[in-house]
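Heads up: the structure comes next, in C-alpha cells.
The values are calculated or read from the model by the stated rules, or taken from the named source; none is laboratory data. Please read all numbers here as calculations on a predicted model, not as lab measurements. Note that we place each Cβ from the backbone using ideal geometry, even for glycine, and neighbour counts take in every protein chain shown.
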Amino acid sequence: MSQSGFQHSWKMNRRAFMKGAALATAGKLIQAEGVAQTSEQPVGPTGASQAEVGRVPERPLGKTGINVSALGVGGYHLGTAKSQQETTEIVARALDAGVSFFDNAWEYHQGESETRLGNALQGKRDQAILMTKVCTHGRGKEVGLRMLEESLRRLKTDHLDIWQIHEVVYDNDPDLIFASGGVAEALLLAQQQGKVRFIGFTGHKDPAIHLRMLAHDFPFDTVQMPLNCFDATFRSFEAQVLPEVNRRGIAALGMKSLGGSGEMVTSGMITPEEGLRYAMSLPVATTISGMESLAVLSQNLEIARKFKPMEADEMDALRERCRAFAADGRYERFKTTKFYDGDLGRQQHGYPTAKELPF
Amino acid sequence: MPSIPVRNFGKHGDQISALGLGGHHLGNAEDEQTAVQIVHEAVDGGVTFFDNCWEYNRGKSENWMGKGLKGRRDRVFLMTKVCTHGRDASLATLMLEESLRRLQTDHLDLWQIHGVCFDNDPELFIRPKGAAEALELAKQQGKVRYVGFSGHKDPAIHLKMLATGFPFDAVQMPLNAFDATFHSFETQVLPELNRRGIAALGMKPFSGQGAPLQNGLLTPDEALRYAMSLPVVTTITGMDKIDVLHQNLQIAQNFRPMTPEEMEVLRQRCRPVAADGRFEHYKGSLQFDNPEARLAHGFPLDAQQMEVKEMLKESENTGRPYPEMKS
C-alpha cells in the first residue's frame with residue numbers, strides 16, 4: 001500500500017464530505033420549519049432588546065419564577081484556571097457583567113472547583129444563581145445527602161439554588177436513580193429541608209437516556225444537556241430532548257456549545273461567536289460555558305452582551321455547514337466514546353479509569 | 001475424535017464449521033511458528049472458517065494465516081475484511097490485492113467491510129465511488145465469492161447498512177450473553193438476518209477480551225455454548241495460544257445446543273452487570289475501533305494501541321496525516 005494512495009483517498013474523502021455538505025442544503029425548508037416551531041416556545045430567548053444595554057440578557061428559569069443570565073459560568077473550568085486569584089477575578093467580572101448563573105459539581109477536580117467558587121462568591125452569594133451536582137453515579141440517597149453537605153461547606157453557603165444529578169450517562173442510570181432509596185429521594189428531601197430550591201439532572205451521552213429520566217415524571221425544574229450546531233444533526237438533544245423539556249415547562253440548560261473543550265473552534269469549523277450564538281439562540285434558559293481564563297471570559301461576555309438571537313435561516317445554514325462533519329460524531333466524542341466520562345462514574349459502573357481506557 | 005458441527009452458509013450450499021478462528025488474535029501469537037501451528041491444529045480439529053482483516057496487526061495476521069494455510073487453502077472457507085472506513089472503492093481494491101498476496105491465494109470465500117462503527121458509515125459505503133462498488137467488482141472478477149460487513153458498535157448502524165439494500169451474503173456482529181440485554185445485536189439484528197437468509201457470523205463470545213471469564217461470571221464453556229446456540233452460521237473467536245485453541249476445540253467438538261431455558265438463565269445471571277455495558281466496551285468506547293477507522297473519520301489515535309505503535313514505526317506511513325493523539 002503506497003503512501004500516495006492513502007493521501008489521495010484522504011483528500012478525496014474530504015472533498016466528498018464538503019460536497020455532501022453542499023448537497024445537504026436541499027433539506028433546508030424542513031429544517032427552517034422545525035426552527036420556527038421551537039422558537040415559538042414560551043421560554044424562548046428574550047434577546048438583546050429586553051436586556052439592559054451592555055449587560056448579559058436574562059431569561060426565566062422554566063416555571064420556577066426566577067430569572068437567570070443567558071450565559072452561565074461552567075464550574076469544571078473554574079478549577080482549571082491557573083489560580084484561586086484568577087478564578088476569583090473571573091467570577092467577579094462575570095457578576096459585574098450580569099452573569100448570575102454558576103455551575104459546578106461535587107467531583108470537579110476533587111472539590112477544588114467548588115472550593116474556589118465558594119471563595120470567589122464570599123460576600124456575593126446573593127448575586128448568584130448557584131448550582132452544583134451530586135455524584136452518586138447509581139448509589140443511594142445517603143451518599144447523595146453527604147455529598148450535599150460537603151458541597152455546601154465548600155461553596156460556603158447554607159443553600160443551593162439548583163441541585164442536579166451529575167453525569168446521567170450509563171444506560172441503567174435512570175433505573176438506579178429511581179430505585180427505592182435512590183438519589184431521587186435525596187433531591188426531594190433536600191428540597192423539603194430548604195437546602196436546595198430547585199432540582200434537575202445532567203448528562204452528555206444519549207438523548208434516549210434523558211428521555212427515560214423524563215419519563216419518570218419526577219418534578220425536575222432543570223435539565224442540562226449538550227446543545228451546539230453539531231448536536232443539531234447527530235444523536236440530537238436539540239431535536240429529541242429540548243422540545244420535550246420545553247413542553248413540560250422545565251428549564252433547559254445548554255452546555256458544550258463549542259464541543260466541550262473548544263474542539264469545534266480549534267479545528268477551524270466554527271468561530272466562538274457562531275458556536276455560542278447558535279447555542280444561545282435555542283429555547284434554553286442559559287448556556288453554560290467553561291471559561292478557564294479572563295481572555296476566554298472577555299470573549300464570551302462580549303458575545304453575550306451584544307447577543308441577538310440568530311434568525312432561523314442563519315441557524316439552518318450553520319447546521320448544514322456542520323452536518324457532514326457532525327455525521328460521525330468526531331466533534332462530539334462525549335456522546336460515542338468514554339472521552340469525558342468521569343472516573344468516579346466509571347468506578348461505580350465497573351469501568352476502567354480514564355487512564356486505562358482513555359476513550 | 002468427534003468433529004465440530006457444520007452449518008449452511010446462509011442461502012448458499014457451503015458448509016461452515018460452527019467455530020471460526022479469529023484473525024486478530026492469530027497475530028498476537030508468540031511467534032510465527034506458533035501461529036502456523038494454531039492454524040494447522042485448527043484445520044485438523046475441524047475448523048473450516050477463518051477470519052481475518054487487512055488492518056489486523058498491520059498485516060501480520062494475514063501473513064501468518066497465509067503461511068499456516070499453505071497447502072490447506074482448499075480445506076477452508078477464508079474470509080478477510082477491507083478497511084476503507086468510508087473511503088473510496090479504489091482504495092478497497094488496492095487493499096484486496098494486498099490481502100490476497102499476504103494470504104497466498106487467488107480468491108477469498110468472503111470479503112467483508114470492516115469496522116462499520118460510525119453513524120455515517122452506511123452512507124459513505126453506498127455513495128457513488130464508495131466501497132460498495134469495490135465489493136461488486138471483486139465479485140464479478142471472481143476474486144471473492146461472497147461479500148458482507150462487520151461491526152461491533154451499534155445495532156442501529158447494522159440495520160442502516162441492511163437498509164441500503166446492498167445484497168450482502170454475510171453480516172458479522174458481537175453475540176454473547178451480555179449483548180443479549182445491552183444495545184443488543186441478538187434481539188435487533190440477528191432476527192432480521194435470519195429473515196433475509198443472510199449468513200449471521202457471531203464474534204466476541206467472551207466479550208472481546210475475556211473479562212467476564214476472568215471475573216468468574218461465566219465459564220468458557222457457558223460463554224461459547226451460549227453464542228454457538230444462537231441461530232448463527234459460525235462463532236468467531238480469537239485464539240492466540242495452543243491451549244486456548246484446545247479448550248475451544250473441545251467445547252465445539254462436544255457441542256450440544258443450550259435449551260431456551262438454559263439460555264434464559266444465563267442471560268438473567270449476566271443482566272445486572274450487562275446493563276451499563278461494562279463488559280462490552282466495544283459498544284461505547286473508541287478502544288476497539290481500529291486506527292484506520294479513526295484516521296478515516298478524523299478521530300484521535302491511541303498511542304498505546306499496538307497497531308498505532310507499529311504504524312509509527314513503519315516508514316511507509318511517514319507523512320500521513322495523523323490527527324490528535326492521546327498518549
Examine the range B:153-171 for a residue that is under 24 Å from residue B:57 (Cβ atoms), among the polar types (S, T, N, Q) and without any contact (Cβ under 8 Å) to a residue 60 or more places away in the chain, and state whether such a residue exists. no
Can you find a residue that is surrounded by fewer than 23 Cβ atoms within 10 Å (Cβ to Cβ), more than 18 Å from residue A:275 (Cβ to Cβ) and facing another protein chain (nearest Cβ under 10 Å) anywhere in the range A:309-329? no
Within the range A:160-177, is even one residue touching a residue at least 60 places away in the same chain (Cβ under 8 Å) and of a type in the set (Asp, Glu)? yes
Identify all residues within the range B:201-217 that are out of contact with any Ser or Thr (no Cβ under 9 Å at 6 or more places or on another chain) and not polar (S, T, N, Q); write none if there are none. B:208, B:210, B:211, B:212, B:216, B:217
Please go through the range A:339-359 and pick out each residue that is closer than 30 Å to residue A:271 by Cα, modelled with pLDDT of 95 or more and within 10 Å of chain B (Cβ to nearest Cβ). A:341
Do we have any residue at all in the range A:140-150 that's part of a strand (DSSP E or B), buried (at least 24 other Cβ atoms within 10 Å of the Cβ) and touching a helix residue (DSSP H, G or I) at 6+ places or on another chain (Cβ under 8 Å)? no
Selected residue [in a helix (DSSP H, G or I) and either of a type in the set (Phe, Trp, Tyr) or within 15 Å of the chain's Cα centre (by Cα) (or both)] from B:166, B:125: B:125
Counting only residues that are polar (S, T, N, Q) and either free of Cβ contacts under 8 Å to residues at least 60 places away in the same chain or in contact with a Cys (Cβ under 6 Å, 6 or more places away or on another chain) (or both), the range A:321-346 contains a total of 1
Quick check on the range B:117-131. Is at least one of its residues closer than 23 Å to residue B:240 by Cα and not hydrophobic (A, V, I, L, M, F, W, C)? no
Residues that are over 22 Å from residue A:329 (Cα atoms) and more than 9 Å from chain A (Cβ to nearest Cβ), drawn from the range B:275-294: none
